Amino acid sequence: MGADRSDALTRQLALLYGLAAQDCTDGDRKTFDIVFTRLVDEATTDARVFLADRLAEETKPLKLSTLKLARDTHIDVARPLLSKSTVLSDVDLVEIARQRGVEHMRAIAERPVLSVRVTDHLVLRGDDHVRRKVVENRGAQMSDKSFTRLSLQSREDPEVEALLTERPDLPALVAKFLVEYGSDEAKAKLLPRLEAEAARLGQPSPQSAQAASETWLKPYDFDAAAEAVPALMAATDDPEDLLDKLASADKFPEMVLAFSAVSGLPVDIVKFALVSLDTAWFATAARALSMKPKTVLKMLDAGPWRYRLDARARQATMRAFQAADPSEAAAVLGKQLDDAMAAVA
């Protein structure tokens, strides 16, 4: 069948189905579906767009032809179905996003309702534009993981920051991050909300950096770690190897206590140092202890730092670690130990 004839037939059948869809039997719809999937193989882009536009609006959609057109490599064909069609499942949407890339992801991000499964894929695999579309979409349900990724982008993307501050479902953890490290505009919008919530719950003011760090530390069980770490330290001949393993397994409380034992510094100092966005202290201490770069890098990707630090922050910390003079770093760590002991005395 020639392209012209295929196009003409595709358009005519699309119009016919639009008129007859409500009265079609399941068998009739199945026949239309099979015919459309065969016709689109020879139809031009314009004809496929024509059919896709009509199928996107149908209340009695056709699964096979809808899915085929939604997978079309031409975004003009796929867009109306990806952004509107109710026949596409979450599995379909994630599969298409993975196979076709950012243009198709942008269309999916415009859907009136998005599940957590879909938004997680769009936020973690899409580009900056895709993420802006998602955070702007009030019908997009988001996990804490997606909100965390967006908060990292907001550090260099004022548009994402502004969109985050407008979301009523913004987690308190991300709101506190934006209050502590965001723009003045973000602080002005979010601080009253956080102050009211803190007052209601009898918690410290979110303006406190210490309170923000405590929020990140709250999910971790340091008491259980305190019982396990002494035995782990006693069983190893190489404390750094233990730190490496704990960081690789993302056992943050155990890593904190082990690092405290290795450095000699009190647990409370290490605890807050290993959650802070200011990583200079850690870089200096790691250098003073002659730690291996691979261990340092693993620790920068464990616990809260896995979410709080982006690739650029980790690279900057590694540069500071490698550039530090070992003897000067040891002197700094020694002074911190003296200060800590004096404070206890």
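Just so it is clear, none of the values below were taken in a lab; they were calculated from the coordinates. This structure is a prediction, so every number in the text was calculated from the model and none was measured. Virtual Cβ from ideal backbone geometry, glycine too; neighbours counted across all protein chains shown.
Worth pointing out:
- Between residue 328 and residue 231, the modelled label-to-label distance comes to 4.4 nm, taking each label 7 Å out from Cα in the direction of the beta carbon.
- Contour minus Cα-Cα distance for residue 90 and residue 313 (0.36 nm per residue): 76.9 nm
- Partner aspartates and glutamates for residue 292 [C-alpha distance under 17 Å; skip if fewer than 8 residues away on the same chain]: 237, 238, 240, 241, 244, 301, 325
- Full extension of the segment from residue 124 to residue 181, taken as 0.36 nm per residue of separation minus the current Cα-Cα distance, would add 18.3 nm.
- Contact order relative to length of segment 68-197, as percent, for alpha carbon pairs under 8 angstrom and 6 or more apart: 16
- Our estimate of slack between residue 297 and residue 224, defined as 0.36 nm per intervening residue step minus the Cα-Cα distance, is 23.8 nm.
- The amide H of residue 140, built 1.01 Å from its N in the peptide plane, has 114 as neighbours under 5 Å, considering only residues 5 or more places off or on other chains.
- Prolate/oblate/rounded call for segment 253-340, Cα gyration tensor, a/c under 1.5 rounded: oblate
- Counted by Cβ distance under 12 Å from residue 123, the other residues give a net charge of +3, where Lys and Arg count +1 and Asp and Glu count -1.
- In Hz, Karplus ³J(HN,Hα) per residue of segment 77-87 (6.51, -1.76, 1.60; θ = phi - 60°; x = Gly, Pro): 6, 6, 3, x, 6, 5, 8, 10, 4, 8, 7
- Whole-number percent relative contact order across segment 147-195, with pairs defined as alpha carbons under 8 Å at least 6 apart: 34
- Estimated vicinal HN-Hα couplings, Hz - segment 155-164 in sequence order (Karplus 6.51, -1.76, 1.60; Gly, Pro = x): 5, 10, 9, x, 5, 5, 4, 5, 5, 4
- Along segment 223-232 the Karplus relation, 6.51 cos²θ - 1.76 cosθ + 1.60 evaluated at θ = phi - 60°, assigns HN-Hα couplings of 5, 5, 5, 4, 7, 8, 5, x, 5, 5 Hz to successive residues, with x for each Gly and Pro.
- Over segment 228-345, relative contact order from alpha-carbon pairs under 8 Å, at least 6 apart, %: 28
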